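Engineer: For reference, the structure I am asking about is given below.
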Amino acid sequence: MAVLGLLSACAQTGAPSQSPQVATTCAAPLKPALELNLYFGRDRQGRGEVSEAEWATFLAQEVTPRFPDGLSVINVAGQSRGATGPVEREKTKLLVVVVFDAPAHRAKVQAIVEAYNKRFGQHGVFRTEHVVCAGV
């Protein structure tokens, strides 16, 4: 599950827009792609933490069927703060997926986020996207 090893520096054409477009210039044999990063907080407001077993089941049922070609999951220490609240720290799962079919991934990602929020009573999943050049 090490898609990260496939990533390399990439020449990006134009400034990134609100809806990222895939770069058009990559050094061969790399191809333009989009790297998706989804941060899944594991705290469940007074109901404990999403366990490793629960995460593994979610990954197998919701994520892997949508991105069967490969992905990476990294344990990270997350922190965030609401508009007026204190900084909150929580264990977080970082899901990294590289897609070559942008923007076809959007519906898959939305389904994963909705499933996580519903299953674990979450209010959102932080997401970033950026253009990369990738290949095996």
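The values are calculated or read from the model by the stated rules, or taken from the named source; none is laboratory data. Bear in mind that the values here come from a model prediction, so they are computed numbers and not experimental data. Please note: Cβ atoms are built from the backbone with ideal geometry, for glycine as well, and neighbour counts cover all protein chains shown.
Engineer: Show the residue pairs meeting these rules: Cβ distance below 9 Å; 6+ apart or different chains; first residue within the stretch 113-136 and at positive phi; second residue of a type in the set (S, T, N, Q) and loosely packed, with under 12 Cβ neighbours inside 10 Å.
Structural biologist: Gly121/Gln45
Engineer: Residues that are outside any strand (DSSP E or B) and more than 30 Å from Lys31 (Cβ to Cβ): does the stretch 67-81 have at least one?
Structural biologist: Yes, the stretch 67-81 contains at least one residue that is outside any strand (DSSP E or B) and more than 30 Å from Lys31 (Cβ to Cβ).
Engineer: In addition: Here is a list of conditions, (1) within 26 Å of Pro32 (Cα to Cα); (2) surrounded by 14 or more Cβ atoms within 10 Å (Cβ to Cβ); (3) more than 16 Å from the chain's Cα centre (by Cα), and Val73 meets all of them except one; can you say which number that is?
Structural biologist: With (1) within 26 Å of Pro32 (Cα to Cα); (2) surrounded by 14 or more Cβ atoms within 10 Å (Cβ to Cβ); (3) more than 16 Å from the chain's Cα centre (by Cα) applied to Val73, the lone miss is (3).
Engineer: Which residue pairs have Cβ atoms closer than 7 Å, lie 6 or more positions apart in sequence or on different chains, and pair a first residue in the stretch 74-103 that is over 19 Å from Tyr116 (Cα atoms) with a second residue that is outside any strand (DSSP E or B) and among the β-branched types (Val, Ile, Thr)?
Structural biologist: Pairs that qualify, where the first residue is over 19 Å from Tyr116 (Cα atoms) and the partner is outside any strand (DSSP E or B) and among the β-branched types (Val, Ile, Thr), are Arg81/Val87; Val98/Val3; Ala102/Val22.
Engineer: Sticking with this structure for a sec: Identify, by number, the condition in (1) modelled with pLDDT under 85; (2) small (Gly, Ala, Ser); (3) loosely packed, with under 13 Cβ neighbours inside 10 Å that Ala27 doesn't meet.
Structural biologist: Every condition holds for Ala27 apart from (1).
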